[in-house]
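Participant: So that we are looking at the same thing, I have put the structure below in C-alpha cells.
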Amino acid sequence: MGKKELSWRKREQFIEDNGIIFLDNVSKVYSKGAPAINGITLGIGKGEFVFIVGDSGSGKSTLIRLLLRELTATSGNVYVMGSDLANLKHRQVPKFRRNLGVVFQDFRLLNDRNVYENVAFAQRIIEVPAGEIRRNVPTILATVGLAGKYKAKTRQLSGGEQQRVALARALVNKPSILLADEPTGNLDPKNSWEIMMLLEEINQSGTTVVVVTHNREIVNAMHKRVVTMKRGIIISDEEGGEYIDED
Ligand code: ADP
Ligand code: MG
C-alpha cells in the first residue's frame, strides 16, 4: 500500500470515529534549532474539551498555529474538520478559518473601536447580512456577560471584559472548534475562572474546545482531558487528568 493511500485510510477512519482534529506523526522545525514539535500523533473528537499544558517552549503555541494553518507541518499530516491542511490552497484558507474561533492571551482587539464593532467586524468579513449582524452580535454579547457594554471602547474595559469581547468575536460566526492559547494568562483568578466557565458552557453547546493553559488550579479542578507536552512531544494524555508538576 502506498503512503498516500495509508494516510487516506487513516483519515477515513478518523472521520468515521467522529474525529475533528487529527495530527499524524507531525513535526515542525523552525529555521533554526531543535524541532518545536517532534513527531506528535494526537486525535481530538467532535465535542471534546481538551487542555494542553506544558512548560514554556514545549510547543503548545506551535501546535495551535498548525491547527489554524498559520504554519504548515515540516512532516506528517494535520487534519482539521476533514481537510488535510497541507492540501489547502491559499485561497481556501479564509473559508477554512471560518469554522475556527481563536482566542489569545493578549486579546488582540481593535482598540479604537467599541465592543459592538469588534464583534460585528468578524461577521462583516464573512459577509453576513447587516440585519443578521444586528441580531447576532447582541445575542453573543449577552452569552459572554457583556450585555449593556456595546458602546464601550475596548481599551476602557478590564482585562476580563476584554477577553469576553475576544470570546464573543471568536464565537459569533458559530465555529465548530474554539482554540484558546493561554486565554487567562493576563487575568486575575476570578476572571480566569469566569472565562474557563464560559469555555465550558461553549463546549456544552457542542463546540470542540482546545485550551492551552498554565493554570494548574483550574486544570485540576475541571477534570477534563489533559495533554501534557514537553520539548515538542506529548508526555501524557489523560481523561480527567491533572496538571503534571515538572519541577
Ligand atoms: P510554548 O507555546 O509551549 O511556550 P512554542 O510553540 O511557542 O512553545 O515554542 C516551541 C519552540 O519553538 C521554542 O523553542 C520556541 O523558541 C521555538 N519557536 C517558536 N516560535 C518560533 C519562531 N517563529 N521561530 C523560531 N523558533 C520558534
Ligand atoms: Mg505559547
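The values are calculated or read from the model by the stated rules, or taken from the named source; none is laboratory data. Quantities reported herein were computed from a predicted structural model and do not represent experimental measurements. Using ideal geometry, Cβ is built from the backbone for each residue, glycine included, and neighbour counts are taken over all protein chains shown.
Participant: Kindly establish whether residue 45 is under 26 Å from residue 238 (Cα atoms), more than 16 Å from ligand 2 (Cβ to nearest atom) and in contact with a helix residue (DSSP H, G or I) (Cβ under 7 Å, 6 or more places away or on another chain).
Facilitator: So residue 45 does not fit the description; no.
Participant: Which ones in the stretch 159-181 are surrounded by fewer than 21 Cβ atoms within 10 Å (Cβ to Cβ) and either of a type outside the set (Ser, Thr, Tyr) or more than 12 Å from residue 100 (Cα to Cα) (or both)?
Facilitator: 159, 160, 161, 173, 174, 175
Participant: Give the residues of the stretch 23-33 that are within 16 Å of ligand 2 (Cβ to nearest atom) and either under 11 Å from residue 63 (Cα atoms) or in contact with a Gly (Cβ under 7 Å, 6 or more places away or on another chain) (or both), sorted by residue number.
Facilitator: Passing the criteria: only 28.
Participant: Among the helices (runs of 4 or more DSSP H) confined wholly to the stretch 92-199, which include 1 or more residues that are small (Gly, Ala, Ser)?
Facilitator: Correct list: 115-125, 130-143, 159-171.
Participant: Considering each of 85, 63 in turn, give the residue that is hydrophobic (A, V, I, L, M, F, W, C), within 16 Å of ligand 2 (Cβ to nearest atom), at pLDDT 95 or above and out of contact with any Cys (no Cβ under 8 Å at 6 or more places or on another chain).
Facilitator: Result: 63 is the single residue among 85, 63 that is hydrophobic (A, V, I, L, M, F, W, C), within 16 Å of ligand 2 (Cβ to nearest atom), at pLDDT 95 or above and out of contact with any Cys (no Cβ under 8 Å at 6 or more places or on another chain).
Participant: Give me the pairs, please: first residue somewhere in the stretch 172-195 and within 29 Å of residue 133 (Cα to Cα) and at pLDDT 95 or above, second residue anywhere and among the charged types (D, E, K, R) and part of a loop (DSSP other than H, G, I, E, B), beta-carbon distance under 8 Å, and either six or more positions apart or on two chains.
Facilitator: 173/98; 175/98; 176/46
Participant: Would you check which residues across the stretch 196-241 are without any contact (Cβ under 8 Å) to a residue 24 or more places away in the chain and surrounded by 15 or more Cβ atoms within 10 Å (Cβ to Cβ) and list them?
Facilitator: Residues satisfying the conditions do not exist here.
Participant: Let me ask you something else. Within the stretch 139-153, count every residue that is under 13 Å from residue 117 (Cβ atoms) and surrounded by fewer than 20 Cβ atoms within 10 Å (Cβ to Cβ).
Facilitator: Number of matching residues: 5.
Participant: I need a count of the residues in the stretch 39-57 that are among the small types (Gly, Ala, Ser), near ligand 1 (Cβ under 10 Å from one of its atoms) and part of a loop (DSSP other than H, G, I, E, B).
Facilitator: Counting residues in the stretch 39-57 that are among the small types (Gly, Ala, Ser), near ligand 1 (Cβ under 10 Å from one of its atoms) and part of a loop (DSSP other than H, G, I, E, B) gives 2.
Participant: If a residue has to be of a type in the set (Val, Ile, Thr) and either in a helix (DSSP H, G or I) or away from ligand 1 (no atom under 16 Å from the Cβ) (or both) to count, how many in the stretch 58-90 make the cut?
Facilitator: Qualifying residue count for the region: 3.
Participant: Which count do you get for residues in the stretch 29-38 that are near ligand 1 (Cβ under 8 Å from one of its atoms) and not in a loop (DSSP other than H, G, I, E, B)?
Facilitator: Of the residues in the stretch 29-38, 1 are near ligand 1 (Cβ under 8 Å from one of its atoms) and not in a loop (DSSP other than H, G, I, E, B).
Participant: I need every pair where a residue in the stretch 61-86 that is under 18 Å from residue 208 (Cβ atoms) and without any contact (Cβ under 8 Å) to a residue 40 or more places away in the chain has its Cβ under 8 Å from the Cβ of a residue that is within 12 Å of ligand 1 (Cβ to nearest atom) and part of a loop (DSSP other than H, G, I, E, B), sequence separation at least 6 or different chains.
Facilitator: 65/71
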